[in-house]
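Structure, as C-alpha cells:
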Amino acid sequence: QVQLVESGGGLVQAGESLRLSCAASGSVFSINVMGWYRQAPGKQRELVAAITSRGTTNYADSVKGRFTISRDNAKNTVYLHMNSLKPEDTAVYSCYAEVSTQYSRTYYPWWGQGTQVTVSS
C-alpha cells in the first residue's frame, strides 16, 4: 500500500502565500509524475500543477506565474508554493502520484485525502 499525506492548507487573505506538502510513504519503489488537483464547490476537479521525476513542470493557465511546484525525490515529497492567492483559488487541493511499488513495477495513480485552502477577500 501507498499513502499520500498532505499538509499546509488553511485560511489566508487575498495576496498572501501558502505552501502545500505531500509525502508518499509505504511500499514505494519509484514515483513518476507527482502533482496537485483542486476542486471548488460546484466545479469540476482541475489540474493545478504537475512535475515529472526529472523536473519537467506543467501548470494550469490560471496559476502560471503565481504557483510553483517542486519535489524532493529523496523524500518522495511534492510541494506547491502558492503566492498572490486569490479568492478563486479557494478549493480542496489533492495531491496525486504515479507510483510503482515493491510488488508491482507498473505505475498506478494514488491520491491524498485533500486539504482545504480558503482565500478571503
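The values are calculated or read from the model by the stated rules, or taken from the named source; none is laboratory data. Just so it is clear, the structure is predicted and the values come from calculations on it, not from any experiment. Note: ideal-geometry Cβ built from the backbone for every residue, glycine included; neighbour counts use all protein chains shown. SASA here: full protein model, heavy atoms, side chains in, ligands and nucleic acids out. Shrake-Rupley method; radii C 1.70, N 1.55, O 1.52, S 1.80 Å.
Which one of GLY42, GLY15 is part of a loop (DSSP other than H, G, I, E, B) and modelled with pLDDT under 95?
Values: GLY15 fails: modelled with pLDDT under 95.
Criteria check complete, one pass: GLY42.
Output the qualifying pairs, or none if there are none: Cβ atoms under 7 angstrom, residues six or more apart or on different chains, first residue in region 6-32 and under 23 Å from GLU88 (Cβ atoms), second residue charged (D, E, K, R).
Final answer for the pair search is GLY8/ARG19; ALA14/LYS86; LEU20/GLU6; SER21/GLU6; CYS22/GLU6.
With respect to ALA91, determine if the residue is more than 18 Å from LEU18 (Cα to Cα) and modelled with pLDDT of 95 or more.
no
Being at pLDDT 95 or above, more than 12 Å from VAL117 (Cβ to Cβ) and of a type in the set (Ser, Thr, Tyr) is the requirement here; does THR56 meet it?
yes
Restricting attention to region 67-94, report how many residues are open to solvent by less than 60 Å² (accessible area, probe 1.4 Å) and closer than 17 Å to THR56 by Cα.
10
Report, ordered by the first and then the second residue, all pairs with beta carbons closer than 7 Å, sequence separation of six or more or different chains, a first member in region 78-99 that is under 17 Å from TRP110 (Cα atoms), and a second member that is open to solvent by 50 Å² or more (accessible area, probe 1.4 Å) and among the basic types (Lys, Arg).
So the pair list comes out as TYR79/ARG19.
Provide a single number: the residues in region 6-60 that are of a type in the set (Asp, Glu) and open to solvent by 30 Å² or more (accessible area, probe 1.4 Å).
Going through region 6-60, the residues of a type in the set (Asp, Glu) turn out to be 6, 16, 46.
Then drop every residue that is not open to solvent by 30 Å² or more (accessible area, probe 1.4 Å), which leaves 16, 46.
Count: 2.
Which one is least open to solvent (accessible area, probe 1.4 Å), of the residues in region 95-121 that are of a type in the set (S, T, N, Q) and over 14 Å from the mean Cα position of the chain (by Cα)?
The residue in question is SER100.
So that you can scan it fast, the table gives a plain yes or no per residue for (1) touching a strand residue (DSSP E or B) at 6+ places or on another chain (Cβ under 8 Å); (2) acidic (Asp, Glu); (3) closer than 18 Å to GLY8 by Cβ:
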residue	(1), (2), (3)
SER53	yes, no, no
THR56	no, no, no
VAL63	yes, no, yes
ARG66	yes, no, yes
HIS81	yes, no, yes
TYR103	no, no, no
